[in-house]
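Quick note: the coordinates plus some simple rules give every number you see, no bench work behind them. All figures in this text were calculated on a predicted structure; none of them were measured in a lab. All Cβ positions, even for glycine, are placed from backbone atoms using ideal geometry, and neighbour counts span all protein chains on display.
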Amino acid sequence: MSFNIKKINFSGKFKLFGIVSGVVVTLSLILFFAIGLNYGVDFAGGTEMQVGIEGVQIDDVREAMTVFGQVDIQNFESKDDEFLLRFRNVSMVEEEDIVKFLAGVKSAFTDTEVLREHFDAEVGDRIEIWFDKEIDEEKLKGLVAEYKVPATGEIEYRQVGERHIYRVMLLGLTNQIMTTLTESTGREPELLRVELVGPKVGERLRYTALQAVLYALFAILVYIAFRFNVQFAPGAVAALAHDVIITLGIWSLFGFQFDLTIVAALMTIVGYSLNDTIVIYDRIRENWTNAKKGADVIEKINTSINETITRTILTSATTLFVLLALLFFGGGTISGFALAMTIGVLIGTYSSIFVAAPVTIFVEKFMKKESS
C-alpha cells in the first residue's frame, strides 16, 4: 500500500497558521520575560546532591534540611531511598557575614595592618587574611566564634617575606549536609553525586548558552543563503527561532527546570528542524523552474510540500517513537531532554511547513516588488 498525499492545499492555510504562530510566539515571549525560566544549578549556581538513605521518607529529609534555608528536595527517579537535593548556595556562609567578620578583625587588631583579605564566594572554603606582622591566633579564633563563622576550628598560618598569612578554614556545605542528615535521621547517608556551581559561573554559562543559540541561527542564515537562494534564508531562521521561542515559553509556563541538558536539546531541535526545512527547500529549488509544478511561487511551494509530506511524516513519527520511549522509560536524568525534544520535533515539523514556506513566499514577493 502506498502512503502518498499530493492534494492538500497547504498554501491556503498559511494565513491562518501564520496568525496562530504569531499569537503563540508572542505569548511565549511574554511568559519568558514575565515569569522567566526555572534555572537549574548549572545556570543559577548552587549545590546539587544525590544521596541514598535506606528506610527514610522524603518528609524526614525535608525536616532535616530546614536549617539550610531554601532547599528543593525530591525523590530521584521515583526511588524511595534516593533523594535529589538542590541548594542555592555553595558554602555555609553568606558573603555579607564575611564582610562583617573582616571589619571586626580590623577593629580588633588595630596595632597591625591588614595587607589583603580574600573570600571567594564561588568556592567558599576559606577566608584569607594577610597581616604585616604575626598576630595572636587565639584572639582570631575568638572572633571567628563571636561572629559565628562556620569554621572547622583550624587556622592555617604561613609567612611569605613580610606577609603573615592566616587562613580560616570553613566548613564545607556537603560535609555539613551529610552530618546533619546522619544526626537527624539516625542513618548513614550515601553520597552518590554532588555538583557545585558558583553564581558567577552560572551567569557566565547562561550567557554562553544564549551565544551558542544565536551563533547557530546566524550560521544557518549564511548557509541557507549560499546553499539555496537568499530569499530562502529568512524563512529557515524564522522557523528555527519559532521552535526555540515556543519551547522556552512552555518551559516558563510549567516551570520545568532549565539546565545545560535542555540547552543541548534546543540545539538538537534546531538541527532537526533545519534538516526538515532543507528537505522541503531542496524540492522547492528543483521545482522552481518547472512550469508543470505550478504557475507561481505559491503553487510551486504547495506542490513541493505535498511531494515531501510522506517523508516528513514518517521521519517525525519514527523519531517520536524513540523520544517517547526515552520520556517514559529513560528515567529522571534524561526526561527533560526527551520532553524538550518531543515538543521540538512536533513544533519543528509544523514550522517547516507553516512558517518557513510562508516567510519564503513573503520574501520572494517583497524582492520582486523592490526590483520592479
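Some observations on this one:
- Given Lys300/Lys365; Lys13/Lys292; Lys100/Lys148, the pairs whose alpha carbons are separated by over 20 Å: Lys13/Lys292
- MRE, 222 nm, helices only [DSSP H, n ≥ 4, -39500 (n - 2.57), over the chain, to nearest 500]: -20000 deg cm²/dmol
- If R0 is 41 Å, the Cβ-Cβ spacing of Leu214 and Asp296 corresponds to a FRET efficiency of close to 0.75.
- Screening the chain for whole DSSP H helices of 15 Å or more along their axis (Cα) with average Kyte-Doolittle hydropathy at least 0.0 returns 14-34, 95-108, 199-227, 233-254, 260-287, 297-329, 332-354, 356-371.
- The Cα atoms of segment 192-277 give a gyration tensor whose axes a ≥ b ≥ c have a/c of 1.5 or more with a/b greater than b/c, which makes the shape prolate.
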